[in-house]
1. Counting only residues that are more than 19 Å from the chain's Cα centre (by Cα) and charged (D, E, K, R), which one in segment 94-135 is nearest to residue 54 (Cα to Cα)?
2. Just one of 87, 116 is more than 16 Å from the ligand (Cβ to nearest atom), modelled with pLDDT under 95, of a type in the set (S, T, N, Q) and farther than 28 Å from residue 167 by Cβ; which is it?
3. Being within 14 Å of residue 20 (Cα to Cα), surrounded by fewer than 16 Cβ atoms within 10 Å (Cβ to Cβ) and in contact (Cβ under 8 Å) with a residue 40 or more places away in the chain is the filter here; which residues of segment 47-58 pass it?
4. If I filter segment 16-31 down to residues being in contact with a helix residue (DSSP H, G or I) (Cβ under 7 Å, 6 or more places away or on another chain) and closer than 18 Å to residue 87 by Cα, which single residue comes out as nearest to the ligand (Cβ to nearest atom)?
5. Of all the residues that make up segment 200-214, how many are of a type in the set (Gly, Ala, Ser) and in contact with a strand residue (DSSP E or B) (Cβ under 6 Å, 6 or more places away or on another chain)?
6. Looking at residue 206 and the list (1) open to solvent by 70 Å² or more (accessible area, probe 1.4 Å); (2) closer than 27 Å to residue 270 by Cβ; (3) of a type outside the set (Val, Ile, Thr), which single condition is not satisfied?
7. So, in segment 197-241, of the ones that are among the hydrophobic types (A, V, I, L, M, F, W, C) and over 21 Å from residue 272 (Cα atoms), which residue ends up farthest from the ligand (Cβ to nearest atom)?
8. Consider residue 81 carefully, then state whether it is of a type in the set (D, E, K, R) and farther than 27 Å from residue 286 by Cα.
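The values are calculated or read from the model by the stated rules, or taken from the named source; none is laboratory data. The structure presented is a predicted model; accordingly, all values stated were derived computationally and were not measured. Don't worry about glycine lacking a Cβ; one is built from the backbone with ideal geometry, like all the others, and counts go over all protein chains shown. In case anyone asks, the SASA skips ligands and DNA or RNA and just uses the protein heavy atoms, side chains included. Shrake-Rupley method; radii C 1.70, N 1.55, O 1.52, S 1.80 Å.
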Amino acid sequence: MLNTTFANAKFANPFMNASGVHCMTIEDLEELKASQAGAYITKSSTLEKREGNPLPRYVDLELGSINSMGLPNLGFDYYLDYVLKNQKENAQEGPIFFSIAGMSVAENIAMLKKIQESYFSGITELNLSCPNVPGKPQLAYDFEATEKLLKEVFTFFTKPLGVKLPPYFDLVHFDIMAEILNQFPLTYVNSVNSIGNGLFIDPEAESVVIKPKDGFGGIGGAYIKPTALANVRAFYTRLKPEIQIIGTGGIETGQDAFEHLLCGATMLQIGTALHKEGPAIFDRIIKELEEIMNQKGYQSIADFHGKLKSL
Ligand code: OXC
């Protein structure tokens, strides 16, 4: 019922983890592989291994989460090795996703060259939107720099590639970004990364709740669903049809998933709720989405995908 075609491959369902959650180590990744998720993705890697920011750096909140992880990861080679070993086993269920987030344009290019030269046959996600590295702005808020980077990437990169975007908040920004993205043979855009640099406080302790950046961190979960849906819808209605959308942000129930699909997302990533509930969330959310579809008389996602009505 939930069969999904994405990047010319077939997936049993559209659900996967959001990069960063439950995907730092081989053990985490193996748990995702064994779960009901239709696909899974590795933690965004940098060329060298990184410790990330000081603890505490991730806090669950009533309506979501705040984090300032700072891209802790075990280094590019660790994840490349894992995806190369797992792309075959995974082939029947659909390709594996490999996320990278260079600290500079040169580092992104270097990693993409290595991926291009390797026998990796899965899907690469270029994270242009980590809000948590002190001193490094989110690249995709700089339209010129994003265009320049993608121009360089597509002089040599020929494998399936998607970009992970930050949320945008202005219709003109959607127009500008979509016009840039439409110039390139991108496989997908993933909207959205966390809403950067929120501040959650503990009024009793009169204190911030995470240590890095004086408490400023990326907000995820229910807080951000309306922003995520707007970004999915805005890109779905502006991008050429060859560029598919991954919807990320505030998905914790079958209804949230249904709403993202209605807005035009094809795959769905879960971050905050996966962190709270663990990989068993995929069983629950699959059942909930199927139940909604049954009630509405839909037999496949195609029956309602992207078909959000206007008033
Ligand atoms: N988004 C990212 O892209 N990276 C992580 N956090 C986040 O919200 C991180 O590692 O800080």
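1. If we take residues in segment 94-135 being more than 19 Å from the chain's Cα centre (by Cα) and charged (D, E, K, R), then 107 is nearest to residue 54 (Cα to Cα).
2. Numbers: 116 fails: modelled with pLDDT under 95.
Residue meeting the stated conditions: 87.
3. The answer is none; no residue qualifies.
4. 23
5. First, pick out the residues of segment 200-214 that are of a type in the set (Gly, Ala, Ser): 205, 207.
With in contact with a strand residue (DSSP E or B) (Cβ under 6 Å, 6 or more places away or on another chain) added as a condition, the list becomes none.
The total comes to 0.
6. Only one criterion is unmet by residue 206, namely (2).
7. Checked segment 197-241; the qualifying residue farthest from the ligand (Cβ to nearest atom) is 205.
8. Values: of a type in the set (D, E, K, R): yes; farther than 27 Å from residue 286 by Cα: yes.
For residue 81, the condition - of a type in the set (D, E, K, R) and farther than 27 Å from residue 286 by Cα - is met.
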